[in-house]
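The values are calculated or read from the model by the stated rules, or taken from the named source; none is laboratory data. None of these values were measured; they are calculated from a predicted model. Cβ atoms come from the backbone with ideal geometry, glycine included; neighbour counts cover every protein chain shown. Side chains included, ligands, DNA and RNA excluded: accessible areas come from the protein's heavy atoms. Shrake-Rupley method; radii C 1.70, N 1.55, O 1.52, S 1.80 Å.
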Amino acid sequence: MRCTERLGGQMTDAPATRDAPWPVALLSGKLKQYIDRLGTVWVEGEITQWGVSAGNVYGKLKDLDADATLSFQVWSSVRARFTEQFKAGDRVIALVKPNWWVKGGSLSMQVFELKHVGLGDLLERLERLRTALAAEGLFDAARKRRLPFLPGVVGLITGKDSDAEHDVLRNARLRWPAVDFRVVHAAVQGDRTVPEVIAAIKRLDADPDVHVIIIARGGGDFQNLLGFSDERLVRAAAAASTPIVSAIGHEADRPLLDEVADLRASTPTDAAKRVVPDISEELVRIEQARARLSMRLSAILGREIDRIGHLRSRPALADTAWIVDRRSEDLTRWVARGAELIDRTLERATSSTAELRTRLRSLSPQATLDRGYAIVQGADGHVVRAPSAAPDGTALVVTLAEGALAAVSRGEVPDHRAPAADSTTDSSPGSTAKRAGRPE
C-alpha cells in the first residue's frame, strides 16, 4: 500500500510504517532535499585521487588527521577557471556543495573553488598553536628534566629500518657498548604519524626500565614534519614522566615537539651523543680525577709532615725532661701541702673531740654518781622522786657510781633536812637510799 495520498490535488507523505513503507524514490528524494539545504562549505584535506575523464575531474579528498575520505567532482567548466595545477598528495582547501544522486544513491562533493594551502597559512596556524602552548607553560625551561648520566635502557621511536634508527644505535653503542635499547617503530610521515608516535610514547613511558626516550627522524621538508607539530602529539610528550629527546633533524622550521622536549638534538647522531656518555672520555676523566686526587693528598700530607716537624723542633718539645722535672717539684710541693693540711685538720678534730668528750662527761649522770649521789628506782624500774612513791616496805634498787644495791624503804623521814640519830637502817643500802632522797 502506498503511503502517498492525493489531497486537494497535492501529494502528502504519511509517516512510514511496516505496513505502509516509503518507496525508495521518496526516501532518496528526501535525502536530496535535506542535503541540498546544507549549501556550500569550505573544507581542507589532502587529495588522494585525481582522475580526469572527458574534461571532468573525479577524485577523493582525505582528512589530514582522521581516517575519513570524501569523493568529489569538478566539472570541466569549473576546472577551466582554475589558475593552479593539482595532483594527488596536494593539501588543498575547497568550496564544495554536497550533491546526492537520486538515481544512483550516492553522495559526492561538487567543487566550485579549489586552492592550495599555502606555506604561509600553515606557518600562521603553527605560530598560533605555538603561542597558545607557550602561554600554557608547556615550553617553560623550569619543567624540563635533566637526562640521566648513564641510562639503563634507552627508548627509541623511529621509522622501521630508517637511517635515523641505524645512526642512533650505531653511535650510541660506539660510545657505550653496554647500552640497551627498546625500539618502537612508528610512522614518521603521513597521517599515521600522530597516533602511532603517541602510542609509542605511552608504551615506553609506562616501561619502568626505560630512563629516556628518543624520537628520531632524518629530517625532511616542512609539510612532511607537520605531524610532529600536532597538538595531540605535543601534549602527549609533555605529559610523559620519562625525559624525551627530540631528534627530528630539521633546523629551518623547528617542529613543536622540539619546544616541549626535555632536550632537542640537531640530528639522530647528536641525540645518541647527548644521551649516553663516551666510555673513552669517561675513562680519561677518571684517570684525571685520580691524578688530581693523588696530587691533593700528597700536598696535604706534605704540609702536615712539615707542620709536625716545626712543632717537634720547638724548645718545648725538643727536650721533654723539663716537663717531668717541673711537674715533679709541683707534685712534691702539693703533697707536702696536703700532708700539712691533713695534720692540721686532724689536730683540730682531736682537740674538738677531747673538748666534746669533757663536756659530755660533765653532763653525764655518771659524773653525778661519781660525786656521791645515787639513783633510787622502784621495783618497776621508775625513778623514785618523792617519799610518797616509796612507802614503808617498798623494795628499791639504788644505783651508785660503781654498781647497785638492793634496799627496803622505811618510809618518809619526818625532817629530811636533819634526820634523827636513831633513824639508821639495818644496812648501808638503806642509809644510801635515804641520802638519795636529798638533792644536792
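For the range 218-349, the normalised intensity computed at q = 0.13, 0.15, 0.20, 0.22 Å⁻¹ comes to -0.82, -0.88, -1.11, -1.20 (log10 of I(q)/I(0), Debye sum over alpha carbons, equal scatterers, no solvent). Compactness of the range 261-312 was expressed as the Cα radius of gyration divided by 2.2 N^0.38 Å, which yields 2.14. Taking the square roots of five times each eigenvalue of the Cα gyration tensor of the range 64-169, the equivalent ellipsoid has semi-axes of 44, 20, 15 Å, listed largest first. Over the range 60-196, accessible surface divided per residue gives 57 Å², non-protein components excluded, 1.4 Å probe. Each principal axis of the Cα cloud of the range 165-280 was taken in turn, and the coordinate range along them, longest first, works out to 40, 31, 21 Å.
If you wrap the Cα atoms of the range 107-213 in a convex hull and average its projected area over all directions, you get 11.3 nm². Potential lengthening of the chain between Val383 and Ala299 amounts to 20.4 nm, from the contour at 0.36 nm per residue minus the alpha-carbon distance. Farthest toward the positive end of the dipole of the chain, out of Leu27, Pro391, Leu64, is the Cα of Leu27, where the dipole comes from beta carbon charges about the Cα centre. Given a Förster distance of 30 angstrom, what is the FRET efficiency for Gln85 paired with Thr40, based on the Cβ-Cβ distance and rounded to 0.05? Between Gln85 and Thr40 the formula returns 0.80. Say the cut-off is 20 Å between C-alpha atoms; which of Lys87/Lys115; Lys87/Lys160; Lys30/Lys60; Lys62/Lys87 go over it? From Lys87/Lys115; Lys87/Lys160; Lys30/Lys60; Lys62/Lys87, over 20 Å: Lys87/Lys160; Lys30/Lys60. When +1 charges are put on Lys and Arg Cβ atoms and -1 charges on Asp and Glu Cβ atoms, the dipole computed for the chain relative to its Cα centre reaches about 440 debye. For the pair Arg285 and Arg125 in one chain, pulling the backbone fully straight at 0.36 nm per residue adds 52.8 nm over the alpha carbon distance.
Of the peptides 365-371, 168-174, the order by per-residue mean of other Cβ atoms within 10 Å, starting with the highest, comes out as 168-174, 365-371. Leaving ligands, DNA and RNA out of it, report the carbon-plus-sulfur percent of the accessible area of the range 15-112 at a 1.4 Å probe. Carbon-and-sulfur percentage of accessible area, whole number: 56. Annotation: Asp90 carries an accessible surface of approximately 20 Å², with a 1.4 Å probe and no ligand, DNA or RNA atoms counted. A dipole drawn for the chain from +1 and -1 charges on Cβ atoms has a positive end, and of Ala271, Gly227, Ser294 the residue lying farthest that way is Gly227. Placing dummy labels 7 Å off each Cα toward the beta-carbon, the span from Lys115 to Asp207 is 4.7 nm. One way to sum up the overall shape of the range 299-423 is the equivalent ellipsoid from its Cα gyration tensor, whose semi-axes run 85, 17, 9 Å, largest first.
With a/c under 1.5 counting as rounded, go ahead and sort the chain into rounded, prolate or oblate using the C-alpha gyration tensor (a ≥ b ≥ c being the square roots of the eigenvalues; past the cut-off, prolate if a/b is larger than b/c, else oblate). Oblate. Computed with a 1.4 Å probe over protein heavy atoms only, the accessible area of Thr350 comes to about 90 Å². For the chain, the antiparallel share of DSSP beta bridges with both residues in that region comes to about 70%.
Give me the Debye-computed log₁₀ of I(q)/I(0) at q = 0.25, 0.30 Å⁻¹ for the range 166-227, equal point scatterers on Cα only, no solvent, two decimals. Here the Debye-derived log intensity ratios amount to -1.11, -1.27. As a rough guide to protection, the peptides 401-410, 288-297 ranked by mean Cβ packing within 10 Å, highest first, stand as 401-410, 288-297. Rounded to the nearest 10 degrees, the inclination of helix 24-36 to the longest alpha-carbon principal axis of the chain is 70 degrees. Using a simple spin-label model with pseudo-atoms 7 Å out from Cα toward Cβ, Ile308 and Asp161 lie 7.2 nm apart. Surface listing: Trp101, Trp75 arranged by accessible area from highest to lowest gives Trp101, Trp75, probe 1.4 Å.
Ordered by 1.4 Å accessible area with all protein chains kept, Phe149, Phe82 run largest first as Phe149, Phe82. The calculated pair-distance distribution of the range 16-65 uses every alpha carbon pair, bins of 5 angstrom beginning at 0, and gives 5, 14, 11, 12, 17, 16, 10, 7, 6, 1 percent. Taking Cα centre as origin and charging only the Cβ of basic (Lys, Arg, +1) and acidic (Asp, Glu, -1) residues, the dipole magnitude of the range 59-183 rounds to 60 debye.
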